[in-house]
1. Setting aside same-chain residues fewer than 8 positions from LYS116, which lysines have a Cα under 21 Å from its Cα?
2. Relative to the Cα centre, what is the charge dipole magnitude of region 2-153, using +1 at the beta carbon of each Lys and Arg, -1 at the beta carbon of each Asp and Glu, and rounding to the nearest 20 debye?
3. Considering the options ILE160, PHE140, GLY209, tell which one lies farthest towards the positive end of the dipole of region 103-222, charges being +1 on Lys and Arg and -1 on Asp and Glu at the Cβ, about the Cα centre.
4. Per-residue HN-Hα couplings for region 223-228, Karplus 6.51 cos²θ - 1.76 cosθ + 1.60 at θ = phi - 60°, whole Hz, x for Gly and Pro?
5. Can you give me the long-range amide H partners of HIS132? Hydrogens built in the peptide plane at 1.01 Å from N, cutoff under 5 Å, separation of 5 or more residues or another chain.
6. Using the Karplus curve 6.51 cos²θ - 1.76 cosθ + 1.60 with θ = phi - 60°, what ³J(HN,Hα) values do you get for each residue of region 62-77, in whole Hz, with x for Gly and Pro?
7. Amide H to amide H under 5 Å from ARG23: which residues, 5+ apart in sequence or cross-chain, H placed 1.01 Å off N in plane?
8. I'd like the antiparallel share, as a percent to the nearest 5, of DSSP beta bridges with both residues in region 2-153.
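Laboratory data are not the source of any read-out in this text; all were calculated from the coordinates shown. Since we're looking at a predicted model, the values are computed, not measured. Heads up, the Cβs are rebuilt from the backbone with ideal geometry, glycines too, and the neighbour counts pull from every protein chain shown.
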Amino acid sequence: MILARGMIDGITAALGANGLILRGGFVFPDNEGSPHGPSGAPARSLLLVGHAGAAPWPHFLGWGEQQPQAIANPLDTWSREIIGAIAEKFGARAVSPSDKPYLPFQQWAMRAEGLKPSPLGILMHPQYGLWHAYRGALLFEDEIALPEQAAAIHLCDTCIEKPCLKSCPVDAYSREGFAYQACLAHVRGGNGEPCRSGGCLDRNACPYGTAYRYPPEVQAFHMASFARARS
């Protein structure tokens, strides 16, 4: 069975009420293994859920104010709650990037939207730049009729200066990869206040998608989460 367009519209509206958006999707080929759907049978189709800019932030804050106690991973919990309820309503199985064993969300995103990684590892979007994220996916056991995805322009290919590799005081990002321990030590240290309060300097140096740049308080929230990570 092919999912009706009206169902996709309904999912889009339900996500939009929480600042979330559909980020593309695809049908798994017959010869490809796929995660299981809501009944336990192999999923046939996938819809990615995410956001552009900080659109979910007011909804997330409002939800947090109603929680009776502090939650260890509040944004992940909120995302699971919202996407899970939508999955239940529309007959899908909801999965999250933090599910273990980990699911290939980055590969799914590149496949669904035709994106490529930036030098920072974040997928570069032709409109949103580096200011977007994926919060989950909906797995269906039916086929979804989706328009063919056009190849996205990869802005990093035309960026000569690469300011995203020149702004970090400890050179955490390079063509060799991400120096995780150096970044973490700097963010936690005495000289890391600009990063803690305003976000990653390399990410903020990117000239693309600036209209979607997360406000400082949102960047500080994510950086605080990073700083709490285990070494």
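1. LYS162, LYS166
2. Details: 10 positive and 13 negative charges, 49 e Å.
Result for region 2-153 is approximately 240 debye, rounded to the nearest 20.
3. Toward the positive end, the furthest listed residue is ILE160.
4. Whole-Hz 3J(HN,Hα) from phi for region 223-228: 5, 5, 5, 4, 5, 7.
5. Hits under the 5 Å cutoff: GLY53.
6. Per-residue couplings from phi come out as x, 5, x, 5, 9, 7, x, 8, 5, 10, 4, 10, x, 5, 5, 5 Hz.
7. Close amide H contacts, sequence-distant or interchain: LEU48, VAL49, GLY50.
8. Working: 20 of 22 bridges.
Counting only bridges with both partners in region 2-153, antiparallel ones make up about 90 percent.
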